[in-house]
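Comments concern the structure below.
The values are calculated or read from the model by the stated rules, or taken from the named source; none is laboratory data. The shown structure was predicted, so the numbers you read here are calculated from the model rather than taken from an experiment. Don't worry about glycine lacking a Cβ; one is built from the backbone with ideal geometry, like all the others, and counts go over all protein chains shown. For accessibility, only protein heavy atoms count, side chains too; no ligands or nucleic acids. Shrake-Rupley method; radii C 1.70, N 1.55, O 1.52, S 1.80 Å.
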Amino acid sequence: MFFSQAGARPRMWEASPSEHKKWVEVFKTCDEENKGYLSREDFKVAVVMLFGYKPSKIEADAVMSSVDLNTSGILLKEFLDIVRKKKEAQLYWNEIRHIFTAFDRHYRGYLTLEDFKKAFKQVAPKLSERIILEVFRQLPSYPLGISLTWESYPMR
């Protein structure tokens, strides 16, 4: 699927019932003392269990700063919302990576202007070369000024 606008976010994604159940189980597992919320450390463990990485101090601070002051941690509803948003972002970047890889025919990790033109000819054959060139010029440039590297886009 291609997005209708550059940088557009996909429509809201919904978890399957089994995935939702898994998230609830992870919450309950990480809430060892049945407090009804996840502490900062509990949250970090939950992210490791669901996403396979330990959140940075900055990410944990951002999540904890959004916690209701009347509670001492992240409630189940808040946790499910955080996990859904993280999953949406993960799917969005995976889709972008997939599209980029499809057009990187030589597996170089970047697209030349010629690669870019070929890609647009496949997905928008009536688009003028002038517009394609203008779009390419708007992208981050590198030493030769003709490449777009995948690494130029943040993954998290």
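Would region 68-82 turn up any residue that is hydroxyl-bearing (S, T, Y), under 23 Å from Y37 (Cβ atoms) and open to solvent by 70 Å² or more (accessible area, probe 1.4 Å)? Scanning region 68-82, I find at least one residue that is hydroxyl-bearing (S, T, Y), under 23 Å from Y37 (Cβ atoms) and open to solvent by 70 Å² or more (accessible area, probe 1.4 Å), so the answer is yes. Every condition in (1) at pLDDT 80 or above; (2) closer than 22 Å to V26 by Cα is met by D68 except one, and the failing one is (1). Residue check: S141 meets all listed conditions (1) over 30 Å from V26 (Cα atoms); (2) modelled with pLDDT of 80 or more; (3) open to solvent by 60 Å² or more (accessible area, probe 1.4 Å) but one, namely (2). Are any of the residues in region 106-121 within 21 Å of the chain's Cα centre (by Cα) and of a type in the set (D, E, K, R)? Within region 106-121 (the criterion being within 21 Å of the chain's Cα centre (by Cα) and of a type in the set (D, E, K, R)), the answer is no, since none of the residues qualifies.
Entry remark, region 71-102: residues being modelled with pLDDT of 85 or more, touching a Phe, Trp or Tyr at 6+ places or on another chain (Cβ under 7 Å) and not basic (K, R) number 8 in total.
Mind checking whether some residue in region 89-98 is closer than 23 Å to A15 by Cα, touching a helix residue (DSSP H, G or I) at 6+ places or on another chain (Cβ under 8 Å) and in a helix (DSSP H, G or I)? Among the residues of region 89-98, at least one is closer than 23 Å to A15 by Cα, touching a helix residue (DSSP H, G or I) at 6+ places or on another chain (Cβ under 8 Å) and in a helix (DSSP H, G or I), which makes the answer yes. Somewhere in region 65-72, is a residue outside any helix (DSSP H, G or I) and either in contact with a Leu (Cβ under 9 Å, 6 or more places away or on another chain) or touching a residue at least 60 places away in the same chain (Cβ under 8 Å) (or both)? The answer is yes, given that some residue of region 65-72 is outside any helix (DSSP H, G or I) and either in contact with a Leu (Cβ under 9 Å, 6 or more places away or on another chain) or touching a residue at least 60 places away in the same chain (Cβ under 8 Å) (or both). Here R105 meets each of (1) modelled with pLDDT of 80 or more; (2) in contact with a helix residue (DSSP H, G or I) (Cβ under 9 Å, 6 or more places away or on another chain) with one exception, condition (1).
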